[in-house]
Amino acid sequence: MSADLLVETAELIDVASVSYEEGAIADLIEARLRAVPGLTVDRVGDNVVARTDLGRPRRVLIGGHSDTVPANNNAVARIDGDVVWGLGAADMKAALAVMLDLAARVAEPSVDVTWLFYAREEVRIADSGLREVFDARPDLLAADAALLGEPTGGAVEAGCQGSMRAVVTLTGARAHTARPWMGVNAIHRLGTLLRLVEAHEPRTPVIDGCQYRESLQAVAVSGGVAGNVVPDRAEVTLGYRYAPDLDGAAAETALRALLAPVLDDDDHFEVTEHAPGAPPGLGHPVLQRLVRDNNLEIRAKLGWTDVAFFAEQGIPAANCGPGDPTLAHTAEERVDRAAVESYRLCLENLLTAG
């Protein structure tokens, strides 16, 4: 390899970049990219975009987010043999290290390349740095295909599921707890709803050969008035991950239909947050070549990622990055040398194929 990618990853880990605090790492990324001849570099807030302009017939966008979740006693990188440990190692500073290395060392790619480093992916979609770039400079994100370095264990994870949060408010009638029969306990009503959610059988549709598995979970509850009052109001927040054969309207309709048997006329259902999914989208020749030339496994992306944003813009996109996705956001987050070097080789093959 042309660089010690574990050392490069460790250096990025040691630059703190918890969401909303990405200024320092954006400064580092911008400085490195501006030192590369032949790249046009633009900065929008704490987002950095570098582009080649070689007149190639196709343009590929390779992107990743620079932010992390808060530290969990792992803010400082540690290299132990062929493994680097630390916050964001898998999600996704190893991928960023590879991107920076290739941007500097592949001077004549066979496709034009847009290198995208964006802020605030780990927080609500309204604050996304990717959307900040799109609002200010949509021209910077133009591409024929996109590849995001989310941790996938080196596989290609196609598309992504939609993500919906809904707050259900159940009503009741207040009464003294010494005479509960005179009221209706809204918290007790939650039991019926929660049992319905718990018993729900998730769909597992297969789309373009990729099997998605939906999920529905209660993620927050609230209610209560006082220790001697039968509560007349209780809320539950539901998290619904749905397969990309549904759009947002169809997903909301399905969720409402599921809950309808336990909702009364005075109850309330509100979708409070929604990010649409994306179909697999692996039909583009660039993505097909990535899979074929590197003999990569293809599977469905069961979470949500920004491939959905590119799908909205009509740009085929997929997830592929080093590191175990199950280690992301944990105190045990790490990535090994073989995974990082294999990922670098995959991208180099993509950028230099004839």
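Remarks
- For ALA300: the one exception among (1) free of Cβ contacts under 8 Å to residues at least 60 places away in the same chain; (2) within 23 Å of TYR242 (Cα to Cα): (1)
- Filter result for the condition that a residue is part of a helix (DSSP H, G or I) and more than 23 Å from GLN313 (Cα to Cα), over LEU238, LEU259: LEU259
- Selection of first residues in region 214-229 that are free of Cβ contacts under 8 Å to residues at least 60 places away in the same chain and of second residues that are in a loop (DSSP other than H, G, I, E, B) and surrounded by fewer than 12 Cβ atoms within 10 Å (Cβ to Cβ), restricted to Cβ pairs under 8 Å at least 6 apart or on distinct chains, gives the following pairs, ordered by first then second residue: GLU214/THR204; ASN228/ALA178.
- When residues of region 111-149 are limited to those that are of a type outside the set (A, V, I, L, M, F, W, C) and in contact with a helix residue (DSSP H, G or I) (Cβ under 6 Å, 6 or more places away or on another chain), the one surrounded by the fewest Cβ atoms within 10 Å (Cβ to Cβ): ARG120
- On the stretch given as region 285-303, residues that are part of a loop (DSSP other than H, G, I, E, B), modelled with pLDDT of 90 or more and open to solvent by less than 70 Å² (accessible area, probe 1.4 Å) total 2.
- Scope region 115-167; condition among the hydrophobic types (A, V, I, L, M, F, W, C), in a loop (DSSP other than H, G, I, E, B) and in contact with an Asp or Glu (Cβ under 7 Å, 6 or more places away or on another chain); matching residues: ALA119, ALA155
- Selection count, region 83-108, where residues are buried (at least 20 other Cβ atoms within 10 Å of the Cβ) and not in a strand (DSSP E or B): 18
- Residue list for region 183-213, restricted to those being free of Cβ contacts under 8 Å to residues at least 24 places away in the same chain and in a helix (DSSP H, G or I): HIS188, GLY191, ARG195, GLU198, ALA199
- Scan of region 311-321 for residues that are out of contact with any helix residue (DSSP H, G or I) (no Cβ under 8 Å at 6 or more places or on another chain) and closer than 17 Å to ILE207 by Cβ, ordered by number: ALA311
- Number of positions in region 46-75 that are open to solvent by 60 Å² or more (accessible area, probe 1.4 Å) and hydrophobic (A, V, I, L, M, F, W, C): 1
- Selected residue (criterion: surrounded by the fewest Cβ atoms within 10 Å (Cβ to Cβ)) from residues of region 1-39 that are within 11 Å of ASP101 (Cα to Cα) and not β-branched (Val, Ile, Thr): SER2
- The residue that is farthest from LEU148 (Cα to Cα), counting only those in region 304-327 that are touching a Pro at 6+ places or on another chain (Cβ under 6 Å) and not in a loop (DSSP other than H, G, I, E, B), is PRO325.
- All positions within region 332-354 that are open to solvent by 10 Å² or more (accessible area, probe 1.4 Å), in a loop (DSSP other than H, G, I, E, B) and either on the phi > 0 side of the Ramachandran plot or modelled with pLDDT of 95 or more (or both): GLU332
The values are calculated or read from the model by the stated rules, or taken from the named source; none is laboratory data. What you see is a predicted model, and the numbers here were worked out from it, not measured in a lab. Every residue, glycine as well, gets a Cβ built from its backbone with ideal geometry; the counts of neighbours run over all protein chains shown. Remember, those area values only see protein heavy atoms, side chains included, never the ligands or the DNA or RNA. Shrake-Rupley method; radii C 1.70, N 1.55, O 1.52, S 1.80 Å.
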